[in-house]
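The values are calculated or read from the model by the stated rules, or taken from the named source; none is laboratory data. It should be emphasised that the depicted structure is a prediction, and the values quoted were computed from it without experimental measurement. A quick note on method: Cβ atoms are made from the backbone with ideal geometry, for glycine too, and the neighbour counts reach across all protein chains shown. Note: areas computed on protein heavy atoms with side chains; ligands, DNA, RNA excluded. Shrake-Rupley method; radii C 1.70, N 1.55, O 1.52, S 1.80 Å.
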Amino acid sequence: MLYFLIFISAIFVNNIVLSQFLGICPFLGVSKKIDTALGMGAAVTFVLVLATVVTYLLQKLLILWHIEFLQTILFILVIAALVQMIEIILKKISPSLYEALGVFLPLITTNCCILGVAILVANGTNKLPVGLDHNLLTGTLFAFATAIGFALALVIFAGIREQLSMYKLPKAMEGTPIALLTAGLLAMAFMGFSGVV
């Protein structure tokens, strides 16, 4: 039951985009169509889980060698290297999957959501239900649930933006203003889940 609470909490209550404001760039930039939002969500899920596992283990080495001050720069390098490695492997093994995710993989390198979750899990500051310890299993579950929450928010936001594109809006509200207003309303809607967990 406690592991289920990690999912509910990370997806709805503590949504990484809507309550912690990490990953706003791809949230606003890639959310004009549902297809691109789904692709970005899938790519973020894959990279976020893999990066969290690798950076969690790297953090243990940093603590062992007393060089924790290098955490941020090393995590950035690890995430960039992972994305490049995944891109090369996908290009050789599955060209069709590479074509589907190829556009989104370079964008993930600069996604602060990936770095933010990696740091939260490595430092043990991610919000977990009472009774669970911060370890690799709970960190990986948290990263997966966070990525699902990111993808869910991205797809919902893309669907709303697709619907809004069919209506004639006032000139002052076209583009970024209506996107920001919609994102704010979506964040308020997700706040309604805060009493669940």
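Using a simple spin-label model with pseudo-atoms 7 Å out from Cα toward Cβ, TRP65 and PHE193 lie 3.9 nm apart.
Within the chain, helices built from complete DSSP H runs that reach 20 Å or longer along their own axis (Cα positions) and carry a mean Kyte-Doolittle hydropathy of -0.5 or higher are 34-64, 71-93, 136-164, 176-191. Pop out the carbon and sulfur fraction of the accessible area of the chain as a percent, whole number, probe 1.4 Å. In the chain, the share of accessible area belonging to carbon and sulfur is 73 percent. With all protein chains in place and ligands, DNA and RNA left out, the 1.4 Å accessible area ranks LEU181, LEU115, LEU105 as LEU181, LEU115, LEU105, largest first. Counted residue by residue at 0.36 nm each, then reduced by the alpha carbon distance between them, the extension gain from LEU132 to MET1 reaches 46.1 nm.
Ordering VAL44, VAL30 by accessible surface, largest first, gives VAL30, VAL44; the 1.4 Å probe counts only protein heavy atoms, with every chain in place. Using heavy atoms of the protein chains and a probe of 1.4 Å, the accessible area assigned to CYS25 is about 110 Å². Comparing LEU58, LEU164, LEU70 in a Gaussian network model of the chain, where Cα atoms under 10 Å apart are tied by springs, the biggest mean-square fluctuation is seen for LEU70. Alpha-carbon geometry of the chain: the Rg and the Dmax are 17.6, 60 Å, given in that order. Per-residue surface analysis assigns PHE21 an accessible area of about 130 Å², computed on protein heavy atoms at 1.4 Å probe radius. Taking LYS33, LYS92 and ordering them by how much accessible surface each has at a 1.4 Å probe, largest first, produces LYS92, LYS33. Given +1 at the Cβ of Lys and Arg, -1 at the Cβ of Asp and Glu and no other charges, the dipole of the chain around its Cα centre is 260 debye to the nearest 20. Result for the chain in a Gaussian network model with C-alpha springs under 10 Å: among LEU180, LEU48, LEU28, the largest mean-square fluctuation is at LEU180.
Think of a 1.4 Å ball rolled over the protein heavy atoms: the chain then has 53 Å² of accessible area per residue.
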